[in-house]
Amino acid sequence: MDDKELTEGDENSQQDETSVENTVEDTTKGTENIKKKVTEAYKQDEDFKDKYLRAMADMENLRRRQIQEREDSVTRTRSQIFSDLLPIIDAFQMGIAEAEKDESAKNIFIGVSMAFQQMKNTLGEYGLELIDPEGKEFDPKFHEALSYESSPDTEEGIVLKSVRIGYKMKDKLLRPASVIISKGTTEDK
């Protein structure tokens, strides 16, 4: 019986070893499966982070673009309004110049001059800049030459007189100043 018990013990022992081997194999497979899932989770986490960062960057770009578009729209609108007002400003200036000549209209001249100055100041606060180059060097970017005149006191290329004042808004030219330029003395030539 001892042999039989030994044989049964060997069989039990073999079954235990097989069972242990199967358990180890199952544990290894389970560990590999868990590692695989963890790796996939990290990968998915990185994808989500990447998508989140891209979405945030897109939102920031959109916000900046909208701000720039609003600023451009305001600038275009102001530019159009200023351009429409330029003939009115010219009319005011001519009226003021004529009223200044008439002594009986002195009080009217003072009142209209003050109102005109307020209007110029307000438009200046919104970005309208005068171009009155009298006494300065001629600049074809901002000045329109109407004629040349000889002048013994002024060098060639200097603006003698502004016939019509020019205007700009920031770097945008709304209307060039119409000027008469010195051609120097006739003796120089």
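The values are calculated or read from the model by the stated rules, or taken from the named source; none is laboratory data. It should be emphasised that the depicted structure is a prediction, and the values quoted were computed from it without experimental measurement. No Cβ is skipped: glycine too gets one built from the backbone with ideal geometry, and neighbour counts run over all protein chains shown.
When Gly124 is tested against (1) under 20 Å from Arg164 (Cα atoms); (2) within 24 Å of the chain's Cα centre (by Cα); (3) in contact (Cβ under 8 Å) with a residue 40 or more places away in the chain, just one condition goes unmet, and that condition is (3). Count of region 130-184 residues, restricted to those that are in a loop (DSSP other than H, G, I, E, B), touching a strand residue (DSSP E or B) at 6+ places or on another chain (Cβ under 6 Å) and of a type in the set (Ser, Thr, Tyr), is 2. The residue that is farthest from the chain's Cα centre (by Cα), counting only those in region 130-161 that are within 19 Å of Ser83 (Cβ to Cβ), surrounded by 16 or more Cβ atoms within 10 Å (Cβ to Cβ) and not β-branched (Val, Ile, Thr), is His143. Restricting to region 177-188, name every residue that is surrounded by 14 or more Cβ atoms within 10 Å (Cβ to Cβ), farther than 18 Å from Met94 by Cα and not β-branched (Val, Ile, Thr). Residues satisfying the conditions are Ser182, Lys183, Gly184.
Considering each residue of region 117-127 in turn, at least one proves to be closer than 15 Å to Lys168 by Cβ, of a type outside the set (Phe, Trp, Tyr) and outside any helix (DSSP H, G or I). Is it fair to say Asp90 is more than 26 Å from the chain's Cα centre (by Cα), of a type in the set (Asp, Glu), within 22 Å of Ile165 (Cβ to Cβ) and in a helix (DSSP H, G or I)? Here the answer is yes, as Asp90 does meet what is asked. Of the candidates Asp84, Asp90, the single residue that is under 18 Å from Leu130 (Cβ atoms) and surrounded by fewer than 10 Cβ atoms within 10 Å (Cβ to Cβ) is Asp84. State whether the residues of region 100-108 include one that is surrounded by 10 or more Cβ atoms within 10 Å (Cβ to Cβ) and outside any helix (DSSP H, G or I). So far as region 100-108 goes, yes, one or more of its residues are surrounded by 10 or more Cβ atoms within 10 Å (Cβ to Cβ) and outside any helix (DSSP H, G or I). Of all residues in region 162-189, those satisfying the criterion of being within 30 Å of Leu85 (Cα to Cα) and among the small types (Gly, Ala, Ser) are Ser162, Gly166, Ala177, Ser178. Cβ-Cβ contacts under 8 Å between residues 6 or more apart (or on different chains), taken from a first residue in region 127-154 that is farther than 26 Å from Thr77 by Cα to a second residue that is of a type in the set (Phe, Trp, Tyr), are listed as Pro133/Phe142; Ala145/Phe138. Which one is nearest to the chain's Cα centre (by Cα), of the residues in region 36-55 that are of a type in the set (Lys, Arg) and modelled with pLDDT of 90 or more? Among those residues, the one meeting the criterion is Arg54.
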